[in-house]
Amino acid sequence: MKEPIISPSLLSADFANLKADLESINCSGADWLHIDIMDGVFVPNISFGFPVLKYVAQLSEKPLDVHLMIVQPEKFINEVKALGAMMMNVHYEACPHLHRVIQQIKDAGMKAGVTLNPATPVSLLADIIADVDMVLLMSVNPGFGGQKFIPHTLDKIRELRALIERTGSHALIEVDGGVNEETAKALVEAGADILVAGSYVFGAADRKEAVRQLKQA
Ligand code: DX5
Ligand code: ZN
């Protein structure tokens, strides 16, 4: 089985000790750093904004995988770009003009990802799958860390993998929410390429070991 890419989610970091927490990720085998931006409108929570992320970007040695849980994410393409982000993920449910937004993200020089909430079917991606670099499947309802994994995500991964193969798309499959050693194994078996993990990595005393466990799942 191919080793998954691991993207620890900053949402579960200790913000009173952010520098030390980012160093612990820099020193680990994590591949990316997942950044959850929330607006209190698209999701019922607010996380952090660009003034904080400016410092996160300076301290992180890992490529930034930015997940925008906000309405009208296209308004912030320049801000995300200014962070030096590698990937910008927008929600399908937040973008009536998704094709345009995906092109704008790519024109800005970033990789473009589309995210689906648990109740949004994979089949809705048929006309955009060829244009995206990644699909992020939410395996919890977005807004909070530490929630329970929704098992139906495994069926969605298999359906998405089939759609990618059928269309010759190069999109990677990322999964976000409730990832731990146990769910990681099932996710990789189902066809996930990238695992986001918040509470599992930042809740561990030894982050390096937590990342290693997920990679070996
Ligand atoms: C949820 C966020 C996730 C969150 C995952 O809305 O998108 O990235 O941090 O947290 P865990 O891994 O604790 O479920
Ligand atoms: Zn996320």
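The values are calculated or read from the model by the stated rules, or taken from the named source; none is laboratory data. These numbers were taken from a predicted model, which means no experiment stands behind them. Reconstructed Cβ throughout: ideal geometry from the backbone, glycine too, with neighbour counts over all protein chains shown. Please note that ligands, DNA and RNA were not included when accessible areas were found on the heavy atoms of the full protein model with its side chains. Shrake-Rupley method; radii C 1.70, N 1.55, O 1.52, S 1.80 Å.
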In Å², rounded to a whole number, the accessible area per residue of the chain with probe 1.4 Å is 44 Å²
Do the sum for the chain: with -39,500 (n - 2.57) for every DSSP H run of n ≥ 4, divided by all residues, what is the mean residue ellipticity at 222 nm, to the nearest 500 deg cm²/dmol? -9500 deg cm²/dmol
Part-to-part distance (alpha-carbon centres) for region 97-148 and region 182-210, which is given in Å: 20 Å
In order over region 158-166: 3J(HN,Hα) from phi, Karplus 6.51/-1.76/1.60, θ = phi - 60°, whole Hz, x for each Gly or Pro, gives 5, 5, 5, 4, 5, 5, 4, 5, 5
First check a/c for region 1-124, with a ≥ b ≥ c the square roots of the eigenvalues of its C-alpha gyration tensor; if it is under 1.5, answer rounded, and if not, answer prolate when a/b is larger than b/c or oblate otherwise. prolate
Listed residues Gln216, Pro51, Met138: farthest to the positive end of the dipole of the chain (Cβ charges): Pro51
Using the crude model of +1 on Lys and Arg Cβ and -1 on Asp and Glu Cβ, and no other charge, please compute the dipole size for the chain relative to its Cα centre, in debye to 20. 120 debye
Using a 1.4 Å probe on the protein heavy atoms, what percent of the accessible area of the chain belongs to carbon and sulfur? 52 percent
Which residue fluctuates the most in the chain, going by a Gaussian network model with Cα springs under 10 Å, if the choices are Val114, Val56, Val179? Val56
Can you give the Rg to Rh ratio for the chain, taking only C-alpha atoms and Rh from Kirkwood? 0.93
Set of lysines with alpha-carbon distance to Lys156 below 27 Å, sequence-local pairs under 8 removed: Lys2, Lys106, Lys111, Lys148, Lys185, Lys215
